[in-house]
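Taking it in order: structure first as structure tokens, then the write-up.
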């Protein structure tokens, strides 16, 4: 009898979390899937349209395709501005030198700020007339390089990527810093005794051993790029920038569902985004797990 | 000491008991609107304060949002979330029709008939407030959606006159540019309604009001790529090519552009009649005036204005209809509206308020309204939002130097699924 209770005890502990998950994640997700087959304004009668919303999304909705491409660009950009930048700073600040602990706190500070405040702050930095960047360019005689960074389709995604890096770079720094501290000092010491330079120690010792963290960092970056919303919403003027050049999938879903009251179509877009993120993330994790490196 | 403490406790208890029934009986009226700044914001605060004083059983709980947020996701979200406001602001026309078709708006005919409340409004105000012959909005004011405001001191310095024709307007811009000024301050960030509305007016002037209406209703045989529409947006493209606007039009929002006009960083500024209210608070010393879009060689009425009636609606499901109606009666009373006109210089939909204005620009607004042979509805309030925003995108592209024909073809593609 006692053994029977023991067998079910773990499930009892999981039950509350499972109930919350089913009620607030699984059920809404399945309900959203149901909505995606209707023409529905979020209010009033629902009309069954079958796969029509999906056909439009995958076929003729050029703005959705552009938004998807922007999400990918944003992801690729944040690999550099968040992950690579965080890794570099973590490596540099892992040395036991004075002031470095203070610098680590400094790099992490943007993470505690509200994204709305960050968005507004950087909107002013990029401002075409009174912005810091254009003022600096003018101060060094490069007025011709000045532009409306958030108003130019060529620069709008890059501008948000930089802001995102400024915000999340500190988080990834912390992640990698913890990983670096976990690596036995003897490994680097041995390499140093063998005459390896600091660069070689980083590329041949530290970096390979950080691989499990890198896997997680890239996954966070990928899923984060599709969860992005508020920074784009604030910096690109209620999302989208000039004529959708800064549109991302999340802002386009928001507009379809709430601005244009096309809840069914918005639901279909959300389903597509969810499938893309879940399938790609799962495949990525399975592939990464096969190449695990232990030390 | 202990006795004093006990007495204080009992006194507080008695006060609470006395106040209890009053607090419990008080009705909280949720009021959603888009008035966040300018002289009207100040006047509205005062009007609400007076209402609450005269109706101690009713408390107004405001939910004020930026107009762009309010128009796009703000108000709609309140309804979708099942927390509709009791009273809410709305732009007349398509948005009122939408609210009615969604079942969000309460019919007001019966209430307006009581005590001849309806007779206190200008008869011209009802078109935008009526759907299927029934009234759903209490008219509040008349917005002219686009005028060209100008700095009168700079005009005087160069002996410049208000242009009558588009050619004169272009010459004027060139003169100002040659003199080292930025001729026009424009801010079109976000969905792009400021330049989109002006572009809409230009289209109506070129192809005619009826054709404009058909175009935005996506009537059979219409297309954004029609030569007349391309020609209208070509007028803006020409101005962009000649460098008549500030840089970064699509990255500066409407309020920033307005402030740059107030700070004399540009000589002219195309925006609606609400600039008067903003200027009264933010630039009271500025000597400025305005004119309607000059005449264009086109098929439309060249005296037309672009504008609409704005007003307030009561939610169909509001449990406080009577209290909401009381508040709207107070808000649109002659006394409150005279106070508003005096304070803001804006046009009221309530009769007997015009002579309360002290701002000289009020006369100008009245003159334009009276001289207008036709009133053209702005795309975003007169027509379905998705269509309006596709058109606004085209105007924004033109402001970035993209060829009008290409921009309009892309607008056609964006709304192809709606045809």
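A short reminder: the numbers here are calculations on the coordinates, not readings from a lab. On a predicted model such as this, the values are computed, not experimentally measured, just so you know. When we count neighbours, we look across all protein chains shown, and the Cβ atoms used for this are built from the backbone with ideal geometry, even at glycine.
Here is how the numbers come out for the structure above:
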quantity	calculated
Theoretical ellipticity at 222 nm over chain A - DSSP helices of four or more residues, -39500 (n - 2.57) apiece, nearest 500	-19500 deg cm²/dmol
Residue-span extension gain [residue A:21 to residue A:121] - 0.36 nm each, minus C-alpha spacing	32.4 nm
Radius, Kirkwood style, for the protein assembly as shown when every pair of distinct Cα atoms is counted (Å)	29.0
Acute angle (nearest 10 degrees) that the helix B:2-25 long axis makes with the longest principal axis of chain B, alpha-carbon atoms	50
For B:239-252, mean number of other protein chain Cβ atoms within 10 Å	5
Stretchable slack from residue B:175 to residue B:413, in nm (0.36 nm times residue separation minus alpha-carbon distance)	81.8 nm
Between 0 and 90°, nearest 10: helix B:38-54 axis offset from chain B longest Cα axis	20
Shape call, the range B:257-323: gyration tensor on alpha carbons, a/c limit 1.5	oblate
For B:71-77, mean number of other protein chain Cβ atoms within 10 Å	4
By average C-beta atoms within 10 angstrom, highest first, the peptides B:207-217, B:351-361	B:207-217, B:351-361
Alpha-carbon centroids, the range B:337-411 and the range A:227-273: separation in whole Å	27
Chain B: angle of helix B:385-399 to the longest principal axis, Cα-based, in degrees nearest 10	50
Rounded if a/c under 1.5, otherwise prolate or oblate - the range A:1-148, Cα gyration tensor axes	oblate
Contact order relative to length of the range A:26-79, as percent, for alpha carbon pairs under 8 angstrom and 6 or more apart	20
The range B:153-174 versus the range A:187-206: alpha-carbon centroid distance in Å	73
Taking the range A:60-290 and dividing mean pair separation by its residue count, relative contact order in percent (alpha carbons under 8 Å, at least six apart)	29
Rounded FRET efficiency, nearest 0.05, which uses the C-beta distance separating residue A:97 from residue A:186 and R0 of 30 Å	0.90
Gap separating the Cα centres of the range B:276-290 and the range B:46-86, nearest whole Å	27
Percent of beta bridges antiparallel (DSSP, the protein assembly as shown, rounded to nearest 5)	65
Gyration tensor verdict on chain A (Cα atoms; rounded if a/c is under 1.5, prolate if a/b is larger than b/c, oblate otherwise)	oblate
Ranked packing of B:320-327, A:119-126, most packed first, by mean Cβ within 10 Å	B:320-327, A:119-126
10 Å Cβ neighbours from other chains, averaged over peptide B:403-414	1
Mean separation of Cα contacts under 8 Å, 6 or more apart, over the residue count of chain B: relative contact order %	26
